[in-house]
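What follows is a set of notes on a single structure, which appears directly below.
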Amino acid sequence: MKRTPTPEEREREAKESHCRAPTGFDPATSEKARRGQKLRLFEELEDTWLPYLTPKDDEFYQQWQLKYPKLVLREAGSVPEELHREVQAAFATLHKHGCLARDLVRVQGKDLLTPVARLLVGNPGCTYKYLNTRLFTVPWPVRGSNISYHEAEVAAACQTLLSLNSYLQLETVQAWEELVAKERANIDEVPVCIGPDFGLGIFDGPDEADIRSRSAYNVTLLNFMDPQKMPYLKEEPYFGMGKMAVSWHHDENLVDRSAVAVYSHSCEGPEEDSEEDSPLEGRDPDTWHVGFKISWDIETPGLAIPLHQGDCYFMLDDLNATHQHCVLAGLPPRFSSTHRVAECSTGTLDYILQRCQLALQNVGDVTDSGGVSLKSLEPAVLKQGEEIHNEVEFEWLRQFWFQGSRPRKCTDWWCQPMAQLEEMWRKMEGVTNGVLHEVRREGVPVGQRNAMVTAILASLTTRQTLRREWHARCQSRIARTLPADQKPECRPYWEKEDPAMPLPFDLTDVVSELRGLLLEPTP
């Protein structure tokens, strides 16, 4: 099969990031290098499609065993029927209450609205970041938690997703242990989805704890899309697989070599055609599929695996790092629940609260003028404080309010923590003002003053740049098209000369002043 991409297609594919996780197989690879890889790949392809396989191809299962052994499929019939009913009812409930919404993400300096509507559910206080967008969990009711939901139906749906999470954890551990056991036994004949070269050399011995920790899903990212309501979906560019709901990508922000489990529910009728019975060449465009390929490999055929109501698939070990996957749209609406071990070392409420407390340890007594005194003027202490100031403002407060009222659609769980973070941020504004007071104070030795300026200048310059960017994003044309409850809010924001704020929102003059101080000649 031949195809000739248009110049617009080549340019678009070369420039666009992958929809969910544009990280490439090497986490250290820059965005510019990734675009170069895509361009070179297009050059190698010239005017031909790469080969891919579906279940009606004779070599499909053999290729799966040999090249994709860490990909495991559990068809819907192996999942308890009661769990199917509860999960699908939970999807319908959350959709009915408007809990899922398309994300306004940032890709290569441009705001884009994702074609897929999403909702993050998971452990209380966890977040998940993708495409420069931090999502805040609707907490599921883990043991010991006390969560108030706006609707009893939403509470039941979150409980169901927690039950699904527990089920998928057990299934993941079982699949992982089966694969490890078969490798150790050096069995030549293996069932479908389980290959002989699983290659888990990372295990020195039977390490059940390691397997369980890499299967301990702490969040699920729910996805929904109705292709019939999408005016435009990208064509899959390498294999000619058809319309994509989600482009080729690696899932990002995960614990290294952790598993991913996906429960898929396409809203089809009870009668579904078998992929093998389809007379069409290639994959059936009416049926949802997940596509897999080895990253930047043009020799190995890709796979297009049909997904039906209640099917589950699992990506084990380093599959997510060495392979890429995409979601190929069918005709009916589809939900999925994608369970993951999110890397939360810098993404939990506890983490950012501790960081804020660290920054505020430098706050002394209130001065006669109403400002704050600082316990230390050491450059390292000042630098750390301003970096934390930026972190809480741009990674938490502005991310939260940029999503409008979405994070509060199901529960008010995040309201009190965000109020607490905003209060701590206000104190940090006072700290910055205190540092500027010291810098401007007469009699400060030039060397000490320059050291203080150098310590804070980069953070304040970044703060000014990011405030402009976030303010512009909130006023952008695409932001104005969103429903009222999803419209971004530029917060914190205050007008010039606001008596409640020690410093202006616009730091242009402050940054210029600091740069000028560094340029002054030493006496």
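The values are calculated or read from the model by the stated rules, or taken from the named source; none is laboratory data. Just so it is clear, the model here is predicted, and its values are computed rather than measured. Glycine gets a Cβ as well: all are built from the backbone with ideal geometry, and neighbour counts include every protein chain shown. Heads up: the accessible areas ignore ligands, DNA and RNA and are worked out on the full protein's heavy atoms, side chains in. Shrake-Rupley method; radii C 1.70, N 1.55, O 1.52, S 1.80 Å.
Using a Förster radius of 22 Å, what is the FRET efficiency between Asp498 and Gln108 based on their Cβ-Cβ separation? Nearest 0.05, please.
0.05
Excluding ligands, DNA and RNA, what is the solvent-accessible area per residue of the stretch 349-484 at a probe of 1.4 Å, expressed in Å²? If you can, show how the numbers build up before the last one.
Numbers: 6290 Å² over 136 residues.
Result: 46 Å² of accessible area for each residue.
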*Provide the per-residue ³J(HN,Hα) series for the stretch 501-513, in order, calculated from phi with Karplus coefficients 6.51, -1.76, 1.60 and θ = phi - 60°, each as a whole number of Hz, with x at glycine and proline positions.*
10, x, 10, x, 5, 8, 9, 4, 5, 5, 5, 4, 4
_When each of Lys129/Lys375; Lys67/Lys229; Lys96/Lys293; Lys56/Lys129; Lys129/Lys229; Lys56/Lys96 is checked by Cα-Cα distance, pairs over 30 Å_ = Lys129/Lys375; Lys67/Lys229; Lys96/Lys293; Lys56/Lys129; Lys56/Lys96
*asked:* What distance in nm lies between label points placed 7 Å from Cα along the C-beta direction at Leu233 and Thr322?
replied: 3.0 nm
*DSSP loop GluC sites (Glu not before Pro) in the stretch 464-496 with at most 15 other Cβ atoms within 10 Å of their Cβ, which ones?*
Glu489, Glu495
*Scan around Met241 for amide H atoms under 5 Å from its own, H built in the peptide plane at 1.01 Å from N, and keep only partners 5 or more places away or cross-chain.*
Glu236
*Assuming R0 = 35 Å, what is the FRET efficiency of Thr300 and Ser163, from their Cβ-Cβ distance, to the nearest 0.05?*
0.40
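So which of Lys110/Lys234; Lys409/Lys487; Lys409/Lys496; Lys110/Lys487 end up more than 22 Å apart by C-alpha? List each step's numbers first, then the result.
Details: Lys110/Lys234 18 Å; Lys409/Lys487 13 Å; Lys409/Lys496 32 Å; Lys110/Lys487 17 Å.
Over 22 Å apart, Cα to Cα: Lys409/Lys496.
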*With point charges of +1 on the Cβ of Lys and Arg and -1 on the Cβ of Asp and Glu, referenced to the Cα centre of the stretch 349-484, which listed residue (Asn433, Trp413, His389) lies farthest in the positive direction of the dipole?*
Trp413
_Please give me, ordered by residue number, the trypsin sites (Lys or Arg not before Pro) of the stretch 417-484 that lie in loop per DSSP and have at most 10 other Cβ atoms within 10 Å._
Arg441
*To the nearest 20 debye, what is the magnitude of the charge dipole of the stretch 476-523 about its Cα centre, counting +1 on the Cβ of each Lys and Arg and -1 on the Cβ of each Asp and Glu?*
360 debye
*What accessible area, in Å² to the nearest ten, does a 1.4 Å probe give for Lys243?*
90 Å²
*Amide N of the stretch 150-184 lying under 16 Å from the label point, which is placed 7 angstrom from the Cα of Arg212 along Cα→Cβ*: 166-178
*Along the positive direction of the dipole of the stretch 349-484 (beta-carbon charges: Lys, Arg +1; Asp, Glu -1; about the Cα centre), which of Met452, Gly364, Leu374 reaches farthest?*
Met452
*Around Lys487, which amide H atoms from residues at least 5 apart in sequence, or from another chain, sit under 5 Å from its own amide H, with H modelled in the peptide plane?*
Ser405
*Tell me which residues come under 5 Å, amide H to amide H, from Leu374 once H is placed; ignore anything under 5 positions away on its chain.*
Gly364
*Taking the Cα centre of the stretch 349-484 as origin and charging only Cβ (+1 Lys, Arg; -1 Asp, Glu), how large is the dipole, in debye to the nearest 20?*
700 debye
_From the phi angles alone, apply the Karplus equation (6.51, -1.76, 1.60; θ = phi - 60°) to the stretch 384-397 and give each ³J(HN,Hα) in whole Hz, x where the residue is Gly or Pro._
4, x, 6, 5, 5, 3, 5, 4, 5, 6, 9, 8, 10, 4
*Using a probe of 1.4 angstrom, how much of the accessible area of the stretch 349-484 is carbon and sulfur, in percent?*
50 percent
*If one computes the Cα centroid of the stretch 228-258 and of the stretch 334-411, what distance in Å separates the two points?*
32 Å
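Once the mean 1/r over all distinct Cα pairs of the stretch 349-484 is inverted, what Kirkwood radius in angstroms do you read off? Mind showing how you got there, number by number?
Details: mean 1/r = 0.0606 Å⁻¹.
It works out to 16.5 Å.
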